[in-house]
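**Q** I have a structure I would like to understand better, so I am pasting it below and will then ask my questions one at a time.
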Amino acid sequence: MLISATRVANSLTPISDLLIRNATLVATVDNQRSEIAGGWVSITDGLISGVGKSGSEPVATRVIDATDCLVTPGLINTHHHMYQNLTRAFPPMTNAALFGWLKTLYPLWSTLNEESAHVSTWVGLAELALSGCTTSTDHLYVHPAGAGDLLTASITAAQDIGVRFHPTRGSMSLSEKDGGLPPDNVVQDHDVILAESKRMVELHHDRAFGAMVRVALAPCSPFSVTKKLMIESAELAETLDVRLHTHFAENSEDDDFSIATFGCRPTQYLEEVGWLSSRTWVAHCVMPHHDEIHTLGAAGIGAAHCPSSNLILSSGISPVVALRKAGVHVGLGVDGSSSADSASLWLEARQAMLLAKLKDGADAGTARMALEIATRGGAGCLGRVGEIGEISVGAVGDIAVWSLTGPAFAGAIADPIEAWLRCGPVSAKHTIVHGRSIVENGQLVSNKVDEMLRTHRVLAQRMQAHYVA
Ligand SMILES: [Zn+2]
């Protein structure tokens, strides 16, 4: 057993709540990108209280021995649609591109309710936690009439499992009859969307340092909401001082829609609707032209890179290296669980590394770059640099511990960070959020896992039964 209680009865000695020690390497991803061989990290009252080299460890109530492990900041998921795990790997849609894929699945998703929102979010966050994720966003943009309060249902799931959560109040207001993509029964009235967005922020948004829940506003995409809603959502976000999120320049269909409907490139559209600001982070950002990349960087925008989704839907390869160079905060996203069906942030980090190599050369995509995107970059997207996504004193105690042992790592002894993404593992050994373990020795700590998976199966069957060929 690696975890033990070692409280020392000396009132003069500072006692931290948790000490993670003997790491092969602590990759802090702090301002100096410090890497500490044989390092340790301590956490007190949910925040990192110390980081150091072997021999200077503080006394702690609880100790995790990280021998043969890489210790990193907890990974940050900046784009997801958790409810979509109810239609994962759904055969009628497994070979479709974005627009056809969406049009077939909208009717199934229109049956979403509070129970299915809660359970799918719980399961989605459980899956993410196993891949070292400690903070996740969720873009919940389907709010069918009479479905209830789906956002609150998803937030209670995050609170139960203990993942730091950035739900976004998504919306769709442009249905097929008005030239949009979704059917009438999944879009909402403009005023209802804005009123509900405001209510959700007032109810759940926590502005305190170390907050576990923060809400953002997230009209779904240019092809599913009106221009007026984009403009007024940006104004409301400014008034409420919350962040903005949407899909952006995802593939050539998306690009074509922008030019045909708005008569401009997607970046110009963002500017027209008041979204070209550091308050915004967008999902995908696959198609920007050279000049658009510089405009986005100058605005200090964030971009959620979703490599697996972009590959599965054949959308393209996001110019991540150029975006980062231009000043864009590039984070990592697993995207919805029925486009990139697996929701592993480790896997996405590896994909990000491989795609950057393919696009920009073997030396462009390193494991360190991918780790940075998965941690600090995500913090930039969510407006929380210095607070999450790094191991430094005062930042939140969100940590992932990765075992570097077993056949997959044999011989990989020279560089623990490159080994982490090149050789494995897919799963975290320990995932710690605000100083609390939610994954221990590769297993979820919660005792509800089996019950939730059973319920999820029933709900998935019920939803998929609505498919009409
Ligand atoms: Zn998405």
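**Q** In the calculated pair distance distribution of segment 101-182, what percentage of Cα-Cα distances lie above 19 Å?
**A** Of the Cα pairs, 41 percent sit more than 19 Å apart.
**Q** Sticking with this structure for a sec: Sequence gap at least 6, Cα distance under 8 Å: using those rules, report the relative contact order of segment 169-327 to the nearest whole percent.
**A** Over segment 169-327, the number comes to 17 percent.
**Q** So how much slack lies between Gln461 and Ser278, counting 0.36 nm per residue of separation and subtracting their Cα-Cα distance, in nm?
**A** Length difference between fully extended and current span is 61.8 nm.
**Q** Here's another thing I want to ask about it. Roughly how compact is segment 207-339, stated as its Cα Rg over 2.2 N^0.38 Å to two decimals?
**A** That ratio works out to 1.01.
**Q** Taking a label point 7 Å from the Cα of Lys227 along the Cα→Cβ vector, which residues of segment 244-284 have an amide N closer than 13 Å to it?
**A** Only 258-265, 268-274 fall inside the zone, counting backbone N under 13 Å.
**Q** Suppose each label sits 7 Å from its Cα in the direction of the beta carbon; what would the Glu271-Asp256 distance come out to in nanometres?
**A** 2.6 nm
**Q** Follow-up. Multiply the residue gap between Ser342 and Glu115 by 0.36 nm, knock off their C-alpha separation, and tell me the result in nm, one decimal place.
**A** Result for the pair: 79.5 nm of gain on full extension.
**Q** Calculate, in nm to one decimal, what Val445 and Cys264 gain on full extension: separation in residues at 0.36 nm each, minus their alpha carbon distance.
**A** Stretched out fully, the Val445 to Cys264 stretch lengthens by 60.2 nm.
**Q** Read phi for every residue in segment 170-179 and hand back ³J(HN,Hα) as whole Hz from Karplus 6.51 cos²θ - 1.76 cosθ + 1.60, θ = phi - 60°, with x for Gly and Pro.
**A** So the J values, rounded to whole Hz, are x, 6, 9, 10, 10, 8, 3, 5, 9, x.
**Q** If each of Ala211 and Ile317 carries a label point 7 Å out from its Cα toward its Cβ, how far apart are those two points in nm?
**A** 3.8 nm
**Q** Between Asp138 and residues 5 or more places away or on another chain, which pairs have amide H atoms under 5 Å apart, with H built 1.01 Å from N, and which residues are they?
**A** Amide H neighbours of Asp138, under 5 Å, 5+ apart: His166, Thr168.
**Q** May I pose another question? Could you run the Karplus curve 6.51 cos²θ - 1.76 cosθ + 1.60 with θ = phi - 60° over segment 258-271 and give me ³J(HN,Hα) per residue in whole Hz, x for Gly and Pro?
**A** Result, ordered by residue: 4, 5, 5, 8, 9, x, 7, 6, x, 5, 5, 4, 4, 5 Hz.
**Q** Still on this structure, please answer the following. Rounded to the nearest 5, what % of the DSSP beta bridges within the chain are antiparallel ones?
**A** 45 percent
**Q** Rank by packing, highest mean first: peptides 42-49, 242-249, with packing defined as the count of other Cβ atoms within 10 Å averaged across residues.
**A** In decreasing order of mean packing, 42-49, 242-249 become 242-249, 42-49.
**Q** If the label point is 7 Å along Cα→Cβ of Ser34, which residues in segment 58-88 have backbone nitrogen under 20 Å from it?
**A** Correct set: 58-60, 64, 66-67, 69-75.
**Q** Follow-up question, since we're still on this one. At 7 Å along Cα-to-Cβ for each site, give me the label-to-label distance between Ala362 and Ala145 in nm.
**A** With each label placed 7 Å out from Cα toward Cβ, I get 6.0 nm.
**Q** Please arrange Cys69, Cys306 by counting, for each residue, the other beta carbons lying within 10 Å of its beta carbon, fewest first.
**A** So the residues, fewest neighbours to most, are Cys69, Cys306.
**Q** Hey, what number do you get for the chain at 222 nm if only DSSP H runs of n ≥ 4 count, each worth -39500 (n - 2.57), divided across all residues, to the nearest 500?
**A** Estimated from H runs of four or more residues: -10500 deg cm²/dmol.
**Q** Which three extents, in angstrom, do the Cα atoms of segment 7-138 have along their principal axes, listed largest first?
**A** For segment 7-138, the Cα spread along each principal axis is 63, 29, 25 Å.
**Q** Expressed as a rounded percentage, what relative contact order does segment 49-149 have, with Cα pairs under 8 Å and six or more residues apart?
**A** Relative contact order comes out at 44 percent.
**Q** Further, regarding this structure: Based on Cα positions only, what radius of gyration and what Dmax would you give for segment 401-456, in angstroms?
**A** Both quantities, over Cα of segment 401-456: 14.5, 45 Å.
**Q** Quick one: grab the alpha carbon gyration tensor of segment 75-381, order the square roots of its eigenvalues as a ≥ b ≥ c, and give me rounded if a/c is under 1.5, else prolate or oblate depending on whether a/b is larger than b/c.
**A** rounded
**Q** Report the one residue of Ala410, Ala304, Val187 whose Cα lies farthest in the direction of the positive end of the charge dipole of the chain (charges on C-beta: Lys and Arg +1, Asp and Glu -1; origin at the Cα centre).
**A** Ala410
**Q** Any idea how far the Cα center of segment 306-325 sits from the one of segment 366-423, in Å?
**A** 20 Å
**Q** So how strong a dipole does the chain carry about its Cα centre when Lys and Arg Cβ are +1 and Asp and Glu Cβ are -1, to the nearest 20 debye?
**A** Computed about the Cα centre, the dipole is about 840 debye.
**Q** So, one more: Quick one: compute the contact order of the chain, relative version, from alpha carbon pairs under 8 angstrom and 6+ residues apart, as a percent.
**A** Over the chain, the number comes to 20 percent.
**Q** Among Glu348, Glu292, what is the fewest-to-most ranking by other Cβ atoms within 10 Å?
**A** Ranking Glu348, Glu292 by Cβ neighbours within 10 Å, fewest first, gives Glu292, Glu348.
**Q** Taking the Cα centre of segment 310-388 as origin, work out the dipole magnitude from +1 charges on Lys and Arg Cβ and -1 charges on Asp and Glu Cβ, in debye rounded to 20.
**A** Dipole of segment 310-388, to the nearest 20 debye: 220 debye.
Just so you know, all these numbers are worked out from the coordinates, no wet-lab data involved. Note that the structure is a prediction, hence the values are computed from the model and not measured. Quick reminder, even Gly has a Cβ in these numbers, built from the backbone with ideal geometry, and neighbours come from all protein chains shown.
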